[in-house]
Amino acid sequence: MSGTFVGMPAFPRAAHDAVRDKTLRGNLRHATHTIRAKRANAVAELCDWAALREAGKRIKDHTLRHLDRYLEQVEESVTAAGGVVHWAADADEANRIITGLVKATGETEVVKVKSMATQEIGLNEALEAEGIAAYETDLAELIVQLGKDRPSHILVPAIHRNRGEIREVFAREMGEWGRPAPEGLTDTPADLAEAARLHLREKFLRAKVGISGANFVVAETGTLVVVESEGNGRMCLTLPETLISVVGIEKVVPTWQDLEVFLQTLPRSSTAERMNPYTSTWTGTTDGDGPSTFHLVLLDNGRTDTLADRIGRQALRCIRCSACLNVCPVYERAGGHAYGSVYPGPIGAILSPQLRGTGSEIDASLPYASSLCGACYEVCPVAIDIPEVLVHLRERVVQGGPAVRHGNKVVLRPAKGHAAERAAMRAARWALTHPGALRAGQRLASRTRRLHPRALPGPGRAWTDTRTLPQLPAEPFRDWWQRTGGGKDRGK
């Protein structure tokens, strides 16, 4: 990845500030609860939802196991259809390829379909450095771009903004980017959408180069798929003369029959719709129809390293539906910016530390940005066990150990600040493997329980500030069992 959001602290400090923003919390609460309720109703309509979920999981796992073969098939299919395939090992290489392709056209402007992959690699900034202006056309992404802001949600990047704030951004900034907002603009959804439509229409009609991501790539035909709710993406995919698509290598599905599963589960999990209003598919180039030149940039950027992790690789199943964000109590209170990544919420807490590594302070903190309640796993349409991966990554942060970085096997050093935790775990391991010492310690703890503090000292104080420290029983369980014969003598 190109790095964390500039200036972002580790999650605990960022979240500490975010939870004190009442406007932010109100916006998040309203939006996530609304989407959550609608999704539940949409999913309940399908009697075979569990079977679809399992099918999606198996398709993704199969594809990841044979990803090398399917990626080669993608290249063959796209090339046969008239497209050109480029391979990018990391963000820098991807940006060099894309900026080079745009400069070769002689154009200095591009229109973009909503794409998390391009955000991941910092493409807009790379294009700007080469004198190329990139215009976001997704409504929420437009709001973020005009407001010089950062996305905070996978599906609704401007979820942290309310209508009044959006009106102010449009009125203040639209004129600097193109057609200004209409006079007397109100904050009604219809007026805001019309202002965006008028502003973007001139961009669509003028742009010669479009840049997109893709929700899926069908290996058997080389077809790319984008699902959306507005239709702005379709304008970018059909009007420009040159189309460049940047796609993570994990977005591949083998066949159209496999795609059918995800076209049922993705819209219900993301926008709570039975199907997406706009589902665009394109295969290479066709004379007289759509762009005359098509380039596909297949992006690794840490995905192969993630694939090498037996437990962590399940994060690559993600179809970017954002269902896990909408049920997460941590995300609802802290918001997406606190995660310091284009991938916020529970999925970001396991995906970002794997794509970027756990070497930075913020990436080492992300696996702890969870209560481990399991709600994210319950709603995931491809059954990613996010709590399992979180615990796995916490172990990696505290203990270090073997991993794969940039294609090489390495041994990670433990992150700073966890020495006490490691010492506690070693002590627990020693005690649990020495029954006599464990029994003596339990008896001593029970006999001195009246002397125990009601709150923990030092770092443990943060835990007992909001929780009651459990009181130790009068005798250890082993002693009680022996004394009562396993409870048989309880009434005697």
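The values are calculated or read from the model by the stated rules, or taken from the named source; none is laboratory data. Predicted model only: the values in this text are computed from it and were never measured. When we count neighbours, we look across all protein chains shown, and the Cβ atoms used for this are built from the backbone with ideal geometry, even at glycine. Note: accessible area is taken over every heavy atom of the protein model, side chains too, but ligands, DNA and RNA are not part of it. Shrake-Rupley method; radii C 1.70, N 1.55, O 1.52, S 1.80 Å.
Below are the figures for this structure:
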| read-out | value |
| --- | --- |
| Scan of segment 180-199 for residues that are open to solvent by less than 60 Å² (accessible area, probe 1.4 Å), out of contact with any Phe, Trp or Tyr (no Cβ under 8 Å at 6 or more places or on another chain) and aliphatic (A, V, I, L, M), ordered by number | ALA193, LEU198 |
| Scan of segment 279-293 for residues that are of a type in the set (Ser, Thr, Tyr), part of a loop (DSSP other than H, G, I, E, B) and crowded, with 16+ Cβ neighbours inside 10 Å, ordered by number | THR283, THR285 |
| All positions within segment 453-482 that are within 30 Å of GLY417 (Cα to Cα), in a loop (DSSP other than H, G, I, E, B) and either among the aromatic types (Phe, Trp, Tyr) or open to solvent by less than 100 Å² (accessible area, probe 1.4 Å) (or both) | PRO453, ALA455, LEU456, PRO457, LEU469, PRO470, LEU472 |
| Number of positions in segment 76-121 that are outside any helix (DSSP H, G or I), surrounded by fewer than 22 Cβ atoms within 10 Å (Cβ to Cβ) and of a type in the set (S, T, N, Q) | 1 |
| Filter result for VAL156 (in contact (Cβ under 8 Å) with a residue 60 or more places away in the chain, β-branched (Val, Ile, Thr) and in contact with a Lys or Arg (Cβ under 7 Å, 6 or more places away or on another chain)) | no |
| Boolean, ALA104 is modelled with pLDDT of 95 or more, closer than 19 Å to THR242 by Cβ and aliphatic (A, V, I, L, M) | yes |
| Qualifying positions in segment 201-231 - over 27 Å from the mean Cα position of the chain (by Cα) and closer than 18 Å to VAL111 by Cα | ARG201, GLU202, LYS203, PHE204, LEU205, ARG206, ALA207, LYS208, VAL209 |
| Hey, MET275 free of Cβ contacts under 8 Å to residues at least 40 places away in the same chain and either over 27 Å from ALA207 (Cα atoms) or over 24 Å from the mean Cα position of the chain (by Cα) (or both) or not | yes |
| Test for LEU142: is it open to solvent by less than 40 Å² (accessible area, probe 1.4 Å), in a helix (DSSP H, G or I) and closer than 26 Å to GLY302 by Cα | no |
